[in-house]
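To start, the structure itself, in structure tokens.
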Amino acid sequence: ACSSKYVLSQMHPMWQGPLAVPGGDRQSPIDIVVRKSVFDSELKPLVTDYDPHTCQQIWNNGYSFLVEYDDTTDKSTLRGGPLRDKFRLCQFHFHWGESNAWGSEHTVDRRLFPAELHLVHWNSDKYSLFEEAVMEENGLAVIGVFLKVGKRHEGLQKLVDALPAIRHKDSVVEFNRFDPACLLPVNTDDYWTYHGSLTTPPLTESVSWIVMKQHIEVSHDQLAVFRSLLFTSAEEDVQKSMVNNFRVQQSPCGRTVRSSFT
Ligand SMILES: NS(=O)(=O)c1ccc(C(=O)NCc2c(F)c(F)c(F)c(F)c2F)cc1
Ligand SMILES: [Zn+2]
């Protein structure tokens, strides 16, 4: 388990789900030990083809805020990289800390980032619904992008401006025309990839993780708006700030992380 003192407490709202995953030897997130990663020349560049018009809504699910896409057709897809099949984008969300010192789920040689973006896709060549794919070994592909505090991210601002409308758990607001490609780093050819799991319940081991080597920059103020969200719904009398919504790091259990670059 992660040695950092910022371990997600067992009482954390995140842990209302199943704590132990029977025989969970492919759990996420993990620390990416660069010197132990193995270069794989077969790994291809990522091919993303996102249609901004398939963006539907943005909502607070009580763990994070999600931007959801219409995944009833192959309009916004991910191919290439370590993947053999075509994957459909269904949503993206973030994980972040209460301070800029931590917040990411994955780390690189133990280096923590203030936040991490997850673009969630499911295998539409093999399955017809996300709910099916999420239970299968090669069902999901999640792109992880680290966020660093620096200059303001113009593309992110449209998202940030929508957050006050979804401060409370279960609030939803219509959100259309958002191109998630604007949140990818300039260089998407350099990544690490490994087989893992969802980082929130039900923690199913169905994810091909693709973690970008290059981070994106967002401003301190933009991140501060993330922290203005609440875990709690409007009805609850005690309001809890939505911060530290990351999972404790998991054992690699002998897994090899492959890299697309030397
Ligand atoms: N942080 S992450 O690893 O990128 C991650 C990505 C997606 C989900 C998710 O969709 N959860 C809800 C959810 C399920 F986990 C299901 F298993 C299911 F069947 C659903 F329909 C569903 F919405 C959870 C964590
Ligand atoms: Zn996530």
For strands (runs of 3 or more DSSP E) lying entirely in the range 33-77, having 3 or more residues that are within 16 Å of the chain's Cα centre (by Cα) picks out 55-60, 65-69
Kindly evaluate Thr54 against the criterion of being among the β-branched types (Val, Ile, Thr) and at pLDDT below 95. yes
Test: residue in the range 115-124 that is within 20 Å of Trp209 (Cβ to Cβ) and over 15 Å from the mean Cα position of the chain (by Cα): yes
Just the residues that are touching a Leu at 6+ places or on another chain (Cβ under 8 Å) and either among the acidic types (Asp, Glu) or farther than 25 Å from Pro164 by Cβ (or both), please, taken from the range 50-78. Tyr50, Asp71, Ser76, Thr77, Leu78
Qualifying residues in the range 166-187 (those that are under 19 Å from Asn61 (Cβ atoms) and among the charged types (D, E, K, R)) - the one farthest from ligand 2 (Cβ to nearest atom): Glu174
Could you grab the pairs with beta carbons closer than 7 Å, sequence gap of 6+ or different chains, first residue in the range 108-123 and closer than 18 Å to Ser259 by Cα, second one away from ligand 2 (no atom under 13 Å from the Cβ)? Val108/Ile32; Val108/Val34; Asp109/Val33; Asp109/Val34; Arg110/Asp31
Given the conditions (1) in contact with a strand residue (DSSP E or B) (Cβ under 7 Å, 6 or more places away or on another chain); (2) open to solvent by 90 Å² or more (accessible area, probe 1.4 Å), report the number of the one that Ser76 does not fulfil. (2)
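Residues are listed down the side, and each one gets a yes or a no for (1) within 16 Å of ligand 2 (Cβ to nearest atom); (2) without any contact (Cβ under 8 Å) to a residue 40 or more places away in the chain:
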residue	(1), (2)
Asp189	no, no
Ile210	yes, no
Gln214	no, yes
Gln222	no, no
Val225	no, no
Lys240	no, no
Restricting attention to the range 84-104, which residues are within 19 Å of His53 (Cα to Cα) and of a type outside the set (A, V, I, L, M)? Phe87, Arg88, Cys90, Gln91, Phe92, His93
Would you check if Asp189 is at negative phi, open to solvent by 10 Å² or more (accessible area, probe 1.4 Å) and at pLDDT 95 or above? yes
Tell me which residues, restricted to the range 131-168, are under 10 Å from Glu217 (Cα atoms) and within 16 Å of ligand 1 (Cβ to nearest atom). Phe146, Leu147
Subset tally (residues that are among the basic types (Lys, Arg) and under 24 Å from Thr188 (Cα atoms)) for the range 246-262: 2
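Residue by residue, here is whether (1) away from ligand 1 (no atom under 16 Å from the Cβ); (2) at pLDDT 95 or above; (3) more than 30 Å from Ser228 (Cα to Cα) holds:
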residue: Tyr69; (1), (2), (3): no, yes, no
residue: Lys75; (1), (2), (3): yes, yes, yes
residue: Gly80; (1), (2), (3): yes, yes, yes
residue: Cys90; (1), (2), (3): no, yes, no
residue: His95; (1), (2), (3): no, yes, no
residue: Glu98; (1), (2), (3): yes, yes, no
residue: His106; (1), (2), (3): no, yes, no
residue: Ala115; (1), (2), (3): no, yes, no
residue: His121; (1), (2), (3): no, yes, no
Quick one: which strands (runs of 3 or more DSSP E) lie wholly within the range 87-181 and hold at least 3 residues that are open to solvent by less than 10 Å² (accessible area, probe 1.4 Å)? 87-96, 115-123, 140-149
Quickly run through the range 244-254 and pick out the residues that are buried (at least 17 other Cβ atoms within 10 Å of the Cβ) and more than 16 Å from ligand 1 (Cβ to nearest atom). Pro252
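The values are calculated or read from the model by the stated rules, or taken from the named source; none is laboratory data. The model shown is predicted, which means the values in this text are computed figures rather than measured ones. Ideal geometry is used to build each Cβ from the backbone, glycine not excepted, and the neighbour counts take in all protein chains shown. Remember, those area values only see protein heavy atoms, side chains included, never the ligands or the DNA or RNA. Shrake-Rupley method; radii C 1.70, N 1.55, O 1.52, S 1.80 Å.
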